[in-house]
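The values are calculated or read from the model by the stated rules, or taken from the named source; none is laboratory data. Just so it is clear, the structure is predicted and the values come from calculations on it, not from any experiment. Glycine gets a Cβ as well: all are built from the backbone with ideal geometry, and neighbour counts include every protein chain shown. Accessible surface areas use protein heavy atoms only, side chains included; no ligands, DNA or RNA. Shrake-Rupley method; radii C 1.70, N 1.55, O 1.52, S 1.80 Å.
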Amino acid sequence: MASSPLPTVLEIRRSGRADGPAAVLAIGTANPPNCVSQEEYPDYYFRITKSQHLTELKRKFKTMCEMTTTEKRYFHHTELLLDAHPDFLCRGKPSLDARLAIAAAAGPELAASAAAKAIAKWGRPATDITHLIVSTNSGAHVPAIDLRLASLLGLRASVSRTMLHLSGCSAGAASLRLAKDMAENNRGARVLVVCVELTVVAFRGPEEEAHPHTLIGQAIFGDGAGAVILGAADDDDGAQVHAQESPIFEMVSASQTMIPGTDAVLTMQLTEGGLDGHIFTRELVPLAAQHIERCLKDAFQPLGIIDRGAKWNDLFFVVHPGLRGILDHIVGALGLEPGKLEASRTVLREYGNMLGATVIFVLDEQRRRMEEDGETGEWGVMMGFGPGFTIETMVLHAAASNMHKKN
């Protein structure tokens with residue numbers, strides 16, 4: 001009796017890949033309990049940094065805070081913690097070790113809080129997660145946050161872990177791009193993405209000679225963690241393996257674009273005094289708007305969507321807000337209708353800029369608006385902006401629209 005021919009490498013590869021596109025299956029978010037209103041923050045900041053004598057700088061900082069449109073932010077660090085670490089207030093004093101120790105302890109806990117919410121919404125046990133991607137701008141340890149997080153969540157020992165460090169505000173979109181590839185190239189994979197940010201690594205007092213660069217970050221950034229579970233369908237019809245899974249957004253395509261000659265506009269580096277860097281807002285704010293239409297055309301034209309009459313106002317938008325001015329410039333560049341970027345503006349207003357975690361909060365807000373408020377839209381785009389200057393673009397398809405068509 002002749003034996004069956006052995007499978008080829010190509011056949012093995014095909015059998016190990018998912019048939020359908022990756023889809024967002026659940027989202028969870030979390031913030032530390034310490035909340036400070038933006039209106040009170042200038043007084044709070046100059047008091048806890050013992051800088052009340054810098055009255056003119058405080059006046060400028062108050063104007064900065066007012067321009068953000070943010071109403072409140074959340075922080076792990078408290079006045080009590082900062083009193084215990086006076087070196088955190090001065091850029092010139094070594095404090096990196098202490099900052100990283102705090103982040104190493106608190107980061108996994110905050111990440112686990114967001115991830116646990118996502119897992120609960122997902123409806124399957126944590127041991128069914130096959131891949132874990134964690135991004136942070138708040139750590140530099142090995143073993144890193146991912147190992148401690150896996151332990152806190154009870155993930156299995158064979159979970160495939162990936163860490164992303166210091167990717168700036170684009171970390172959330174970059175992590176989801178990577179997760180999409182993992183889900184689609186590993187049949188049955190369920191990928192947990194977690195972005196966690198703690199600004200204690202970058203907190204410092206005001207400096208007259210370094211104004212405004214040192215103050216911009218203190219006026220806009222906050223702490224938070226976002227988690228997304230995603231997986232790809234195992235057949236061409238888009239059916240999920242487990243009936244309790246409910247796809248929210250299908251991830252159709254993803255790309256990254258670097259803008260030449262812009263690497264100095266937004267910088268980050270670990271120093272003896274903590275996480276430091278520069279934000280040149282005058283150059284940064286218009287950058288995304290100047291290149292966003294090209295990125296959108298490059299993403300949508302191969303899909304044939306634009307050619308069939310779709311306009312930018314037909315899309316829903318999941319955009320990392322960064323700064324209010326970035327959103328305003330994007331609206332002008334694309335001719336968007338009022339409210340098109342409302343999910344981004346809501347997150348910026350309620351939480352501030354939480355670096356990589358922010359886009360996950362926006363994704364969850366867009367989900368809420370569509371599921372609870374009845375906002376419509378079949379095709380959309382998620383965009384993240386970060387150092388480089390880098391633009392992450394992902395085409396999304398609302399799974400609910402698919403379900404309506406099938407019914």
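Of note:
- For the stretch 129-195, the gyration tensor built on C-alpha atoms gives an oblate shape. Its axis ratio a/c (a ≥ b ≥ c) is at least 1.5, and a/b is not larger than b/c.
- Each principal axis of the stretch 173-234 carries a Cα extent, and these read 58, 15, 14 Å when sorted largest first.
- Rounded FRET efficiency, nearest 0.05, which uses the C-beta distance separating Arg156 from Leu6 and R0 of 51 Å: 0.95
- Whole-Hz ³J(HN,Hα) from phi, Karplus 6.51 cos²θ - 1.76 cosθ + 1.60, for the stretch 199-206, glycine and proline x: 7, 4, 6, 10, 6, 7, x, x
- Calculated [θ] (222 nm, deg cm²/dmol) that DSSP helices of n ≥ 4 give over the chain, each run adding -39,500 (n - 2.57): -12000 deg cm²/dmol
- Phi-derived couplings, Karplus 6.51 cos²θ - 1.76 cosθ + 1.60 at θ = phi - 60°, listed residue by residue for the stretch 19-30: 8, x, x, 5, 9, 6, 9, 6, 9, x, 9, 7 Hz, with x used for Gly and Pro.
- Highest to lowest packing among 337-344, 320-327, scored as the average C-beta count within 10 Å: 320-327, 337-344
- With Rh defined as the Kirkwood radius, the inverse of the mean 1/r over Cα pairs, the Rg/Rh of the chain is 0.99.
- Per-pair calculated FRET efficiency, R0 = 60 Å: Ile306 and Ala105 via Cβ, rounded to 0.05: 0.80
- Accessible surface of the stretch 242-299, 1.4 Å probe, proportion on carbon and sulfur as whole %: 52 percent
- By DSSP, the beta bridges lying fully in the chain are antiparallel in about 75 percent of cases.
- Three-way shape label, the stretch 288-407, alpha-carbon gyration tensor, a/c 1.5: oblate
- Where a label projected 7 Å from the Cα of Phe280 along Cα→Cβ would reach, residues of the stretch 315-330 with amide N under 19 Å: 323, 325-326
- For the stretch 66-209, the relative contact order is 34 percent, taking Cα pairs closer than 8 Å that sit 6 or more residues apart in sequence and dividing their mean separation by the residue count.
- Under a 5 Å amide H cut-off, with hydrogens placed 1.01 Å from N, Arg91 pairs with Gly205 among residues at least 5 apart or on other chains.
- Cut-off under 5 Å, modelled amide H: who pairs with Arg17 long-range: Arg187
- Oblate is the label for the stretch 53-135, because the ratio a/c of its alpha-carbon gyration tensor axes (a ≥ b ≥ c) is 1.5 or higher and a/b is not greater than b/c.
- Using alpha-carbon coordinates, inclination of helix 281-300 to the longest axis of the chain, degrees: 10 degrees
- Kirkwood radius and radius of gyration were both taken over the C-alpha atoms of the stretch 347-387, and their ratio Rg/Rh is 1.01.
- Rounded to the nearest whole Hz, the Karplus-based 3J(HN,Hα) values (6.51 cos²θ - 1.76 cosθ + 1.60, θ = phi - 60°) of the stretch 163-173 follow the sequence 10, 10, 10, 6, 9, x, 6, 7, 4, x, 5, with x at glycine and proline.
- Percentage relative contact order, the chain, counting C-alpha pairs under 8 Å, at least six apart: 24 percent
- If R0 is 25 Å, the Cβ-Cβ spacing of Lys297 and Met258 corresponds to a FRET efficiency of close to 0.90.
- Close amide-amide hydrogen proximity is noted between Ser135 and Leu164, Val194, Cys195, Val196, each under 5 Å apart and 5 or more residues distant or on a separate chain (H modeled in the peptide plane; Pro and chain starts excluded).
- Protection proxy ranking, highest mean first, for peptides 271-282, 185-196: 185-196, 271-282, where packing is the per-residue count of other beta-carbon atoms within 10 Å, averaged.
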